[in-house]
Structures are given as C-alpha cells and as structure tokens.
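S.K.: The structure's right below; bear with me while I get my questions together.
The values are calculated or read from the model by the stated rules, or taken from the named source; none is laboratory data. Remember, predicted model here, so these are calculated numbers, not experimental data. Virtual Cβ from ideal backbone geometry, glycine too; neighbours counted across all protein chains shown. Note: accessible area is taken over every heavy atom of the protein model, side chains too, but ligands, DNA and RNA are not part of it. Shrake-Rupley method; radii C 1.70, N 1.55, O 1.52, S 1.80 Å.
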Protein chains: 2
Amino acid sequence: MAIALPKIVFSLTGHGYGGEFPPKKPSPTPLLRRKNRFQGVKTVQITSVLSKTNESMASTITDLDREEQEAEEQKMRRTGTESNERRLADCWREIQGQDDWIGMLDPIDPLLRSELIRYGEMAQACYDAFDFDPFSKYCGTCRFIRRRFFDSLGLPNLGYEVTRYLYATSNINLPNFFKKSRWPKVWSRNANWIGYVAVSDDETSARLGRRDITIAWRGTVTRLEWIVDLMDFLRPISSDKIIPCPDPTVKAESGFLNLYTDKDENCRFCKYSAREQILTEIRKLIQQYSNEDLSITITGHSLGSALAILSAYDIVETGQHLTQDGRAVPVCVFSFSGPRVGNVRFKERLEGLGVKVLRVVNVHDTVPKVPGVFFNEQVPKLVQKMAEGLPWCYSHVGIELQLDHKNSPFLKDTGGPTNFHNLEAHLHLLDGYHGKGKRFMLSSKRDIALVNKAADFLKDHHLVPPFWRQDENKGMVRNHEGRWVQPERPKLDDHPTDMHHHIKQLGLTSDS
Amino acid sequence: MAIALPKIVFSLTGHGYGGEFPPKKPSPTPLLRRKNRFQGVKTVQITSVLSKTNESMASTITDLDREEQEAEEQKMRRTGTESNERRLADCWREIQGQDDWIGMLDPIDPLLRSELIRYGEMAQACYDAFDFDPFSKYCGTCRFIRRRFFDSLGLPNLGYEVTRYLYATSNINLPNFFKKSRWPKVWSRNANWIGYVAVSDDETSARLGRRDITIAWRGTVTRLEWIVDLMDFLRPISSDKIIPCPDPTVKAESGFLNLYTDKDENCRFCKYSAREQILTEIRKLIQQYSNEDLSITITGHSLGSALAILSAYDIVETGQHLTQDGRAVPVCVFSFSGPRVGNVRFKERLEGLGVKVLRVVNVHDTVPKVPGVFFNEQVPKLVQKMAEGLPWCYSHVGIELQLDHKNSPFLKDTGGPTNFHNLEAHLHLLDGYHGKGKRFMLSSKRDIALVNKAADFLKDHHLVPPFWRQDENKGMVRNHEGRWVQPERPKLDDHPTDMHHHIKQLGLTSDS
C-alpha cells in the first residue's frame, strides 16, 4: 500500500470538540490504535479524554441513572480497552464482512460497532446536508459545495474527500423522497441530490488499512406513507436491458430500479442516471488507486439503503470492483432501516457475487418489514418456493443486526413510526448495544443530543429541544444594502467533463 | 438643553447595513437633516444611498411593478426632499401630538411616518428579543442581556440605552401572552419579560431635540382567541386602591388592570408590579435628566398597546411626568393594533390629563374592534350615554390612523387574522402610506422581507421564506466537550437594588 504515513498525527486528540456538527465522537478506539502504532504515545491521553467525557455525561443524564452508569462504564473501559487494542488496519477485512460477521455481532465487536457508527454518520451527513426547505431556491440540493462538504458539516476530521455528488431525476413516483422548491426559478425542476462518493485521505487510509471508497445514499425521513407504495411489483433486473443480469428470475422492486436507472437528458444534473454516475466514479477511482489496497463501502438509510444494495450488486455484477490486475475490491454495504429490495433470487445472486451486507434495523421500525409483508425470507422454505413466481415475494439480503429502541433508557416510549425509523436514533442505539439481552450502555458516549437533531425522541429530562437542527434565519443573510435575501450559491457541482468518455469506456452510452 | 452636540457624526451614513437585525432603514430624512445642520455635507451622499437602495429594490420586486414604482419613487424623492428638510429637533412636539396631529395624518407627515416606524420598531424589538421557545430553559425571558439589547438585535445605531427590563407575573388569565418553559428547572415559574424602558443617548437626543424616554411593551402575536376573553368586565380604576383616580366612574378592562398591577412577592422578577417598575423608573430618569428637555414616548402592539395606554394614564394621573421645577414632560403613546382599554370616562380622563395617543390600526384587524364590539365610541352619543353604566361599554382613546393591508401590492390576499394583526406588516403599511385613497408607495424602502420575519404574508414572488426569523440550532451550542447544550446565561437582569427606596419615595409601598 503506497500511502504516506507520517501525517498520522496526534492532533486528532487535541481538538475535534470545537464546534463541529455533528460532533466527532470521543471514541477510545483510534487513540488506542495510535498508541499501538506509535509506542511513544502514553495512555494518559486516553484517560484524560475519557474522564472529560465522563463529566459531560453527568450533566446530561439524571442523578438517578448516573452512578450506575458510571460504574458500568468504568468496567466497560477496562474490558473495552483490551479488545480495542486490535487495530482496524489489521482486521478491516473482517469488519467489512469477509466472514459474514460470524461471531462479531453477539456480543458486538467494539471495532465493528464504532465502524458502523462512523459509516452511519456518513449516511446521516446526507440528511444534515440536504436542503429540505421548499422556500429555498436551492431546495433539493446539497447545502454545501462539494470540496467543503465535511468541513461545512463540522466533520473536518473525518478524513475523507468527496469526489462526486450524486443526483437522481425526480420524475419518479416516490412520495416524500424528492423535494421541490416553491419558487418559480430554481436550480433544477427535475433533479434532486441523493448522495455522494468520498475517498479516504492518506492519513485515514493508513488508519483504516486501505483506501476506502464510500458511497452514501440519501433516504427519506418524514411521512413514511411511501412504504405502502413499495407493495409495487418486482421486476426482472435485466428487463430494461440497463443492468445486465444473466438470470431473468433475479428481480428487484421496480420503483428502486427506476430511481437507480432513470435519467432526464434535458437536465444537467440528472442527464446521467444514478447508476451511470456511480459506475463511472467507481471505475475512475479504482483506476486512480489501482496500486493500493482498496475497499468499497456503501451506506444508506431507508430508501438510501435500497440504493446502497442495488448499487453494490450492480458494481460487482458488472465487474467495476475489479482492479486492472484482476484483484476484486471487497464491496460491503452497511445499511440502516432498509426495506427489502428484491426476491430470493436477487439475494442469492448478490451474495453469490460476494457482496457483503450488514443491515442495522430497529425491530419496531416498519420500513424493514416492507415490501413483502406476507411473503418473505421468513416464511417456510416450501412456501417461499411456491411463492417464488409471485411478484410480491421479497427477501432481505445479508446479515441483520437487530436493535430495539425500547432498550435505551434515554428514549421516550411515546415515539411514533418516524422516530423508530430515525437514523440518528439507530446510531445512538448502536452506541449502547453490546449484544442480545445485554444491558444498554453507551460505549463511545456519543452525544445523545444528536438524537433530537431532527426528531422528538429523547426523554424530556435530558433538556434537549426537539428538532433543534436549523439554520439561522433559514439561511437568509443581509446583502450589502442591508436587505434580507437568500444568498446565491456558487455554481452547483454537477458532473465531470470527462463523464461521456467514462460512460463510453464502460459501454454505458445511452445509444448502446 | 445640556447635551453635547459634536458627536453627531456622519458615520451613520457609511454603515448600518452590515448585518444588523432588523436593518436600519435607509431613510433619507436624517441625511438631509444633517446636511442642513452641517453645511459641509453634500447631497451627493443621499443620491448614492438612494440609488443603491434602488438596485436592491429591483431584486425584490417583480419586473412588472418595478418601472412604475421607480418613476413614482423618483417623484417622491423630489417632493419628499423638500418636506423632509424640516428638522425633527424643531418640530418634535407636533410629532409627539402636541396639536393632536391635526393636519398631519392625511396626507401623512413624512417625519411623523418615519417616527411612527422608528417607535414601531422599538415595540417590534420586544418580539424579536423574546424567548418564545417552550423548550428553552429561558422561555419567557428576553434573549439578550440588557446592556447589549439593541446591539444583539442588530440595532446598534438606534441610539438608545435600555435602563430597565420589565416583568409581569404570569398568574393572570391572559391566554397566549405568557410563555412557560416545559423544563422543570427554570429561571422563574411565575414571571415573564414584558418590555423595557430605554433612554436616548446624547447624540440621538440632539437629533430628536430632547432626551426621549421610551417605554416599549410586549404584546401577543399568536392565536388571537384571547381577544374573546377581553369581553371581561370593566372595573373602576380606583377599585383596588392601587391606581389613584379621583373619579370612580373611570373604568378599564379588568384583565389589563391585573396585568399592570399584579405581583408575586415570592418571585425576584415580579415581586414588583409592572406599575411599580414603570413609575419608579420614570421618576428616576426624570430626576436624572431634570435639566433637559424631555419626552416620554410609550409604545406597544396588541396587548402591549393596552399596557402603553394604561401606563401613560397612570404616569400622568400620579404626576410622575412632572420635573422638580414643575414642568410637565409631554407623554405620548404610539400604539399598534391595540384593543380598547376603558370606558368613555377613561378616555375623557386620559385626554383631559393631556396624554396624547396615536393608534395605528389595520382596518381588517379584529383586535382593535374589541372589547366593546357592541357598545363603543362609534354608537350614537345617546346610546353611549344610556350604555355608560354597563360594564361592557368601551371607548377607544386618542387619534386613530387607519391603514389597510389590501392597499399594499406586496401582500397576499389570503392572510388570516394573525397576519392582519402582525406588527411588522403594520410598519410596512406605514412605509407605503401617504394618505387616505393615496397610492401605496414605499417611502423609506424599508426591507419588505421583514414582513415575513414571523409571518407568511408576502406574495410568493418576492421569494422570502415565511417565518424566517430563527436561531441557529435553536440556540444550542457545543460545549468544551463537544456536546450540544443550551448555553447558560449570565445572571438575568431583575430590578435595581434601590427599588424599595424609590417605591417608598413614591408612596407605593405595599404596606401603604
């Protein structure tokens, strides 16, 4: 692996708490990892970080919970310290599902948990960055320019660079996924930002043990009525001859397929399908880093989970994950609250191709139960076999990690389905998860306030206002004349100029 | 008048557009006034400011309106320039209603209009500064510390210093006026901030021609159902022996009287009644500036208008407006969207005492129509006479300036009663008002975006989001540990330590 190492600095320890959004979680893992790597670093740093966080914890939980929590946490730190001594760089292939996470989920592997949270935060970034406001001229875009994406979100230490923004055409019947501005003149009538591709920088790559290409897909957060529409029919993946699949019995939900493959030639943002954007970008990046160890990690929440699974399948089915010298780059999906995507044959094909999928769900969330409420992977094999021909017999793929929001003492009992589906809540649940039936106990002390960022789910006594994430004055600023206006943005990032070349190279030209 | 003049500087011209909230309106009046005063200043400055504002205007109104507006505005500037040559310092007594505004309302006197807007903005400041959020620990307070009040609101050039915050006890049945935090531990369970007292600084006093003491009372902005409750009974002002009134037939609405006179001995914020706070503060300030020309200007919107009128009456009835050498400081109320306060006898008494009241109303607003929908100053004198004894025969006081939101081409037709009642909308209407039946035309080009600050009233094509005034992340900030928290505030301003002394001096001790 040809990555310059000297920039793996300790500055990460010193800051990261100075105003970023969302906060960098004070995970003990990277610190300890660094200690291993650089023998000069003393563990005293770790202790100081941990005791600091301890104080803040005390201010956010009630006196009632506190003592008990602290005792347990001290215990966890002692045991956790040992297991965390493992370095991500040494075991990343297991974390990425090489062995289907056997023995890593119950009890949960602390490194896997912290990686799940890290990728979950990259999926969450799609929500935090999305312009939902129908009164914004830029409704439906990413609020930030690509080159400053993680900085703008307060995640300068994430160590990834966004190489591409992803768009989809909104001419698709997926309620509440697309947002449109109410204003007459807008950036696009037909496109919506749906995610991004990012690559780990040298420093992070050294820590991860490989150059990581992450794709993060945006999902839906509000009004989950759309799931009803997902009772829509399964369609052979190969039916439109867009995604090549040798087996016509491999099927996926037609709405997801549309979202992934549709385009609008008249729009500069969605004149290429999401599929074309992804495949060309992956190809380009794999060529660029062909002499390094690589991974492709795809993440998404809700509808974004479906796109994550479809695109993972597509990348491997079409061989985009192969380097020039024929090595297969491992492709892994960390999905959150995702619905079913295809039929049993799709599952078999996907898994047969070696795509690894770990699906994090909350057992009370309805979205992972659809489509295929009646016929799915849980009915007896014989019934599955009989129902196989039916266009509404779905199957989940990969491995499921079940969480239960009722186990968190921080959350209200009274939340509705939107809360149960909330991504930040899943990240909070992950942080407290240690294994089936094990007591909920925050491991990284991830800020619980994040749960209420766009929800009303935390118990009242934590004193965190519901839905607190908002821009000052809805982004209005005073211009040089003192008038309040919506600022114009610099030219929106669309697609690289060499896109056509790459599409041709992949044999994806629309006239092909 | 012993005020230092040399600080009347031209710096006002150069800035004032750099991020304040709300914006300082680019009124041509002060510039021209200054030109008069200091012959060295050239009118070229005025032109440049005006043409600048012109440009911005173009960006906020549609092409359709623009040319016509601009032609009219040019004409207005030419004529306006002449009439504005009058200096406020020379005619402030007329502006403050010395002659009951005879001949100043139709067509409206440009100086009066700009003064009405200025005081209206001081009333609006009560809303902009109020913490309405039930999820805030400081719900019901002023969001800013007293000494930085106008700075925090982006009004550093206003030229007033807040000398006192006003509180009322919330143990009164006035729906939607008081706000309470949902959190258990709060700054006060029984108090709400209801306004402030401010005094003009030397520079502004020189411009105004006198030292101005302004009282601004907060009102209600949402859910106007409370007006129904105002059908409550009239009560003799002297009935509780709190406000001395020689005539027992002088009556006011009992809810307003309660709000003005009630207190809660157990609360450090409302252990003094609003009345005690006002009377002591006025007394103190009049003593402090006893050798200067003075004015007392009281402003308020909605329920704040009722408090403005009651307190103006009380100040004069109890002689607090008299200087040590026996001069009477003129007391003037500029009220907005105010309900009726008392009976005909109250009106006669108030006016007989020389209190001047100019009430700005929108003819479509229901609040100024209550209480006393059936029996009021508009029924024939004979009926009034007959109904005089009834406890629900009310009368407006002073002079009414009627605006009509339907005259503004900037506003939607579809607004509801809350819009019609909105204070920012009134200030916008004032800015465009020239006289009965005269065409609506913005005179100071006050930013129309302000109308939608806390309303959805502007026509869509102005591209101003509704309800855009909001804090970043609801005021949540990251603490030194990176956690999102509601920041603690410095000690809240309550009452001066010498309060008891002043109360005693006024004979207001509760044991009296």
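S.K.: Could you check the spin-label model distance between B:ASP498 and A:GLN505? Points 7 Å from the Cα along Cα→Cβ, value in nm.
M.R.: Simple spin-label model gives 8.2 nm for this pair.
S.K.: For the rotation that superimposes chain B on chain A, which residue of B has the C-beta lying nearest to the axis, and at what distance in Å?
M.R.: Closest Cβ to the B-to-A rotation axis, residue and whole-Å distance: B:GLU472, 2.
S.K.: Stick to Cα atoms and the Kirkwood definition of Rh, then tell me Rg/Rh for segment A:132-177.
M.R.: Taking Rg over the Kirkwood Rh, I get 1.05.
S.K.: Grab the beta carbon distance between B:HIS461 and B:ILE102, set R0 = 56 Å, and tell me the FRET efficiency rounded to 0.05.
M.R.: FRET efficiency, B:HIS461 to B:ILE102: 0.90.
S.K.: Mind scanning A:LYS137/B:LYS438; A:LYS180/B:LYS453; B:LYS356/B:LYS385; B:LYS381/B:LYS412; B:LYS185/B:LYS284 and naming the pairs with a C-alpha gap bigger than 30 Å?
M.R.: Over 30 Å apart, Cα to Cα: A:LYS137/B:LYS438; B:LYS381/B:LYS412; B:LYS185/B:LYS284.
S.K.: May I ask you to derive the FRET efficiency for B:VAL363 and B:ASP201 from their Cβ-Cβ distance with R0 = 41 Å, giving the value to the nearest 0.05?
M.R.: 0.65
S.K.: I would also like to ask the following. Quickly work out the A:THR414-to-B:GLN378 label distance, labels modelled 7 Å from Cα along the C-beta direction, and quote it in nm with one decimal.
M.R.: It works out to 4.4 nm between the two label points.
S.K.: Related question: What does the C-alpha gyration tensor say about the overall shape of segment A:107-195? Classify as rounded when a/c is under 1.5, otherwise prolate if a/b is larger than b/c, or oblate.
M.R.: Prolate is the answer for segment A:107-195, as a/c is 1.5 or above and a/b outweighs b/c.
S.K.: In square nanometres, what is one fourth of the surface area of the convex hull spanned by the alpha carbons of segment A:248-401?
M.R.: Across all orientations, segment A:248-401 yields a mean hull projection of 10.1 nm².
S.K.: Okay, next question. Determine the gain in length on full extension of the stretch B:ASP240-B:ASP471; use 0.36 nm per residue of separation and subtract their C-alpha separation, reporting nm with one decimal.
M.R.: 78.9 nm
S.K.: Right, something else. Can you list the distances in nanometres, one decimal and ascending, from the B:SER239 label point to the identical position in each other copy, with the point 7 Å along Cα to Cβ?
M.R.: Those label-point separations list as 7.7 nm.
S.K.: Determine the residues within segment B:459-479 where the difference in accessible area between the chain on its own and the full set of protein chains amounts to at least 40 Å²; count protein heavy atoms only and use a 1.4 Å probe.
M.R.: At a threshold of 40 Å² (probe 1.4 Å), the residues of segment B:459-479 that become less exposed are B:ASP460, B:LEU463, B:PRO465, B:PRO466, B:TRP468, B:GLN470, B:GLU472, B:ASN473, B:LYS474, B:MET476, B:ARG478.
S.K.: When Cβ neighbours within 10 Å are restricted to other protein chains, what is their mean count per residue of peptide B:127-135?
M.R.: That works out to 1 on average.
S.K.: Give me the distance in nm between label points sitting 7 Å out from Cα along the Cα-to-Cβ direction at B:ARG189 and A:GLN324, one decimal.
M.R.: Distance between label points: 7.5 nm.
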